[in-house]
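Report on the structure given below.
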Amino acid sequence: MTDPLGHLVEFIDKNRIVLGLVLSNKKGRLGLWTAQDRQAALPQQRVLLMTPAAVGVDAPRSLQVDYMAKIEAKREALAAGVDVVELWELVHAESDPLSLKDLSDLVFGNGQGQDGDHVSATLRALFNEHQHFRLAGNDFVPLSPEQLEQKSLQQEREASHRYEVDGAVAYLKSLPAKGPAPEPPPGLAELLAEFTIFEDEAPNVKKAKEIVALSEVGGRRQIFNLLVRMGHFRPHENLELLREGTPVEFSPEAEAAAATTLPFSSQDTQREDLTGLYVFTIDGAYTTDFDDALSFDPDPAGGGLLGVHITDAAATLALGEVLDREAMTRASSLYLPDQRIPMLPPRLSEDALSLREGELRPAISCLARIDAQGQVSEYRLSRSLLRVSKRLTYDEADELLETDPHLGGLYRTCLAVKAQRAQAGAYFLPLPEVILGVDEQFQVWVRRVDRDGPAREMVAETAILANSLSGQYLAEKGVPALFRTQAPPREPIQEGDPSDLYLHFKQRRLLNRVELTCEPGLHSSLGVQNYTHATSPIRRYLDLVVQRQLGAALAGRSAPYSGDDLRRVALEVEPAVRRGMKVRQIRQRYWLLRWLEAKGAEPLEAIVMENQVRRWQLLITDIMLLTSIPTQSGLVLEPGQKVMIKVQKADAFYDILRVALA
């Protein structure tokens, strides 16, 4: 092997060919001085080409550098004349590596190909063009036409990527510190939005991170604020809603179908006329979709005839049609502090299928004769036609209890029905409901409502009764249905004062999960058999499914769903239901944290729940929100103890809450 000392060598450094003069050789490690007037050390195996030099190792450094500069200029000039494409066309059928000298002979011929300058020129031309050949050791392999096409496409993609990244970075760096942002480059807002929503799981996370790093825009919150300035996000955009892919807008096909849908057909003459009943709704002040209404005709001896009337959405929404498919995809209406996302287009859920005051509507009515002790002596279900006489809020219904015989009698009867459930083994572990609202200035208001208020109790008890009687009817008729069962708890349930939040929280953890099944059975915490859900067909898809079974049975038609069909539908719908619950819980927490941000260091009441690993879990009673504080030496707390706390840090965007004892 030729001693490299005193030779010119060429090697690759930082993606370019470098020329150097070997000044020393110690066990295969070469000491060099390069044409760029720099010292370098190089393992001999990295040398691509070695040629004799006409300058000695002892010559002055300036002479060595000038010599190498002239040699390099000569070789670059020769390389500029190499037609790489023509060379590739000659040899592209070859699959084995080709030596530089062989390729140089093909390029220059006439014996010049073996000359060091010409071999170097061939090396430089092939390496710099880096399109038609690939380097394999000290040899080159021509790419096949297929490989060449793929490489060309890859280079086009890389060039496009570089263009987009450079444009995005330039745009972001040019933005003013405040105010609306000008129109961003195409695709940039969507790219940053995906990154903000999905973070490391975003489909183009690498590209997004590259742009963010080069433009130095900051972290996730800063990117979010940029997207608000671009008009792509609202100031409090619901990122969890976007992450879960929950649809908000309805498809044009669904909207068109809703626009032409009537609440009932004039040919449907098989309905019982209940327009003579005094029918009323009881809902929240902001409710716009009314799917259930009540009637009550009191008996002098106590009790009376209770009517629970459910809008007959199943009679209007054909199975498998566009509106049914849309409702099945959504699974349920979603009620958030700052947004309402209905299961059906508002033309239906708030109008044509809503039990609005004064409007004639078809319904499925559950009529039950109940005595003063809360026992159901008889009941029947009916496909009915009715008109709501009065719309009441919970507060209005509570105020009318003493003066309205329908409401007063209904409340007393509901208390008796509830007592019957208690005798059947029901447990009552009420927890307050926290109602949140957000105004146009994004100010949060919070209201804690006790669930055992009279009007709320009436609504709850009548719904439980109607659902259990509907389930009983389907079970007796042998019609397949979806039942909700719950096994008895593993330990005895302790019931206490309704205001004992600690006890009820702890006892609820002992309850078994509710199972969705086609087999009727016990719902232990409600104390009823054959329990189903059929009272919210415009808000919950599975209620609509059960209502279809009821409507068909009452009309003497075959059930639209078999047991297997019901199991399949439940399997498809339940994931969307869980996603909706997750979105609601996270959004509720977001606005509660915003409320706490505004509270600052104002003291808040909390209840000590339990001692966890190195932390005490606390319940903030005003907003029914769990949090925790670290255990400390000398800190003695007892489960159930009331304490005062203050917020140290609340950050809704990053879901951070830190509190300390006040």
Entries of Lys74/Lys101; Lys74/Lys151; Lys506/Lys642; Lys173/Lys206; Lys599/Lys649; Lys178/Lys646 with Cα pairs more than 22 Å apart: Lys74/Lys151; Lys178/Lys646
Helix 563-599 axis, angle to the chain major axis (alpha carbon atoms, nearest 10°): 80
Alpha carbon convex hull of the range 178-221, volume per residue in cubic angstrom: 86
Extension gain (nm, one decimal) between Val446 and Val636, 0.36 nm per residue minus Cα-Cα: 65.3 nm
Pairwise label distance in nanometres, Ala487 with Asp651, each label 7 Å out on the Cα-Cβ vector: 4.3
Calculated SAXS-style log₁₀ I(q)/I(0) at q = 0.14, 0.22, 0.33 Å⁻¹ - the range 290-336, Debye, Cα scatterers: -0.56, -0.86, -1.12
Angstrom value of the Kirkwood radius, inverse mean 1/r, which spans all Cα pairs in the range 111-249: 18.6
Degrees between helix 145-174 axis and first principal axis of the chain (Cα, 0 to 90, nearest 10): 70
Hydrodynamic radius by Kirkwood, which averages 1/r over all alpha carbon pairs of the range 114-193, in angstrom: 16.4
Top positive-direction residue, dipole computed over the chain with Cβ charges, set Tyr67, Tyr286, Leu516: Tyr67
Overall dimensions of the range 3-85 by Cα: Rg and Dmax, Å: 12.7, 42
Residues in the range 518-532 reached by a label modelled at Ser562 [backbone nitrogen below 18 Å; 7 Å Cα→Cβ]: 518-519
Whole-number accessible area per residue in Å² for the chain, which is evaluated in the context of all protein chains at 1.4 Å: 50
Ratio Rg/Rh [Cα only; Rh per Kirkwood] for the range 206-268: 1.31
The range 1-49: radius of gyration and largest Cα-Cα distance (Dmax), Å: 9.7, 28
Distance in nm between pseudo-label sites at Asp297 and Val569 (7 Å out along the Cβ direction from Cα): 3.3
Cα-based Kirkwood hydrodynamic radius, the chain, one decimal, Å: 32.0
FRET efficiency for Arg220 and Met581, using Cβ-Cβ distance with R0 set to 35 Å, rounded to 0.05: 0.90
Nearest-0.05 FRET efficiency for Ala159 and Gln617, computed from C-beta distance (R0 60 Å): 0.60
Dimensionless Rg/Rh of the range 448-578 - Kirkwood Rh, Rg from C-alpha atoms: 1.01
Modelled label reach - Glu515, point 7 Å along Cα→Cβ, the range 549-581 residues with backbone N closer than 17 Å: 564, 567-568, 570-571
Mean Cβ count within 10 Å, highest first, over the residues of peptides 341-349, 504-512: 341-349, 504-512
For the range 284-409, with +1 on Lys and Arg beta carbons and -1 on Asp and Glu, the positive-most of Pro300, Pro346, Leu336 along the dipole: Pro346
Highest-first arrangement of 285-298, 624-637, where packing means the average Cβ count within 10 Å: 285-298, 624-637
Lys14-Ala259 pseudo-label distance in nm [points 7 Å out on the Cα-to-Cβ vector]: 6.5
√(5λ) per eigenvalue of the Cα gyration tensor, the range 491-558, largest first, Å: 33, 14, 10
Centre separation in Å (Cα based) which lies between the range 539-581 and the range 182-207: 39
Ranked packing of 519-526, 551-558, 77-84, 178-185, most packed first, by mean Cβ within 10 Å: 519-526, 77-84, 551-558, 178-185
Area projected by the alpha carbon convex hull of the range 562-662, averaged over all directions, nm²: 8.8
Segment Glu597-Gln423, length gained on full extension (0.36 nm per residue, minus Cα span): 58.1 nm
Dipole of the chain, positive direction: furthest Cα of Leu153, Leu360, Gln507, with charges on the beta-carbon: Gln507
Geometric extent, Cα atoms of the range 249-348 - Rg, Dmax (angstrom): 16.8, 55
Within the chain, helix-based [θ] at 222 nm, where runs of 4 or more DSSP H residues each add -39,500 (n - 2.57), nearest 500: -12000 deg cm²/dmol
DSSP beta bridges in the chain [antiparallel fraction, %, rounded to 5]: 90
Pair-distance profile P(r), taking every C-alpha pair of the range 460-529, with 10 angstrom steps and integer %: 19, 42, 28, 10, 1
Per principal axis, descending, Cα span of the range 91-134 in whole Å: 25, 20, 12
Share of carbon and sulfur in the accessible heavy-atom surface of the chain [1.4 Å probe, %]: 50
For the range 405-461, convex hull volume per residue from C-alpha positions, Å³: 86
Whole-angstrom Cα spans of the range 385-436 along principal axes, big to small: 36, 31, 28
Helix axis angle, 405-423 relative to the chain longest principal axis, alpha carbon, degrees: 70
About the Cα centre, charge dipole magnitude for the chain (Lys/Arg +1, Asp/Glu -1 at Cβ), debye: 1720
Computed P(r) (all Cα pairs; the range 23-137; 10 Å bins; percent): 12, 39, 32, 14, 2
FRET E, pair Val91, Ala213, Förster distance 41 Å, beta-carbon r, rounded to 0.05: 0.45
Quarter of the Cα convex hull surface for the range 380-523, i.e. its orientation-mean projected area (nm²): 12.5
Viscosity 0.890 mPa s, temperature 25 °C, Stokes-Einstein D of the range 166-318 from Kirkwood C-alpha radius, µm²/s: 117
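The values are calculated or read from the model by the stated rules, or taken from the named source; none is laboratory data. All of these numbers come straight from a predicted model, not from anything done at the bench. All Cβ positions, glycine included, derive from the backbone under ideal geometry; neighbour counts span all protein chains shown. What goes into the accessible areas is simple: the full protein's heavy atoms, side chains included, and nothing from ligands, DNA or RNA. Shrake-Rupley method; radii C 1.70, N 1.55, O 1.52, S 1.80 Å.
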